[in-house]
Amino acid sequence: MKSYQNEHLTIVVECGVHLLQQQWVNIPSGESFRQGSQLTLSLARHHQIKRWLIDLRQLRMFNPTDIQWFIQHWLPKAVVLLQHNVRIAVVLNDANQFGKLGADLILRASTTLNDALTSRYFTDTEEARLWLMLPY
């Protein structure tokens, strides 16, 4: 079920398995990034998401100002509103160092706020999904 799409982000929620999948493309504007991030949090909370797949293979880069906003404002709110045992899979293209750098910053900050969070990097969506579906 496709839940949301704009020019930079597609969000799909699979309610039965508590999975949210994000796919970012190109270079999101600050407004698009923040709007998409807020909506993602709302959907994750509403559907009690425990599995999060973030596909960054088509992302060219995140704006450093947006990453800073995400870490300082979005993450603390998410830690309070979301399940504590969330598993996150980040799918990257090996050549996209900007996406990996942004994801590293965000995941390190996330783990600091929630030590029950588990995350891994993948280059293939199917491998990521298989890992996300493993029993807790």
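Read the figures in this text as sums done on the coordinates, not as results from a lab. These numbers were taken from a predicted model, which means no experiment stands behind them. Quick reminder, even Gly has a Cβ in these numbers, built from the backbone with ideal geometry, and neighbours come from all protein chains shown.
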If each part is reduced to its alpha-carbon centroid, region 1-40 and region 118-134 end up apart, in Å, by 18
Estimated inter-spin distance, residue 31 and residue 108, nm [label 7 Å along Cα→Cβ] = 3.2
Please work out the ratio of the alpha-carbon Rg of the chain to 2.2 N^0.38 Å and round it to two decimals.
-> 0.95
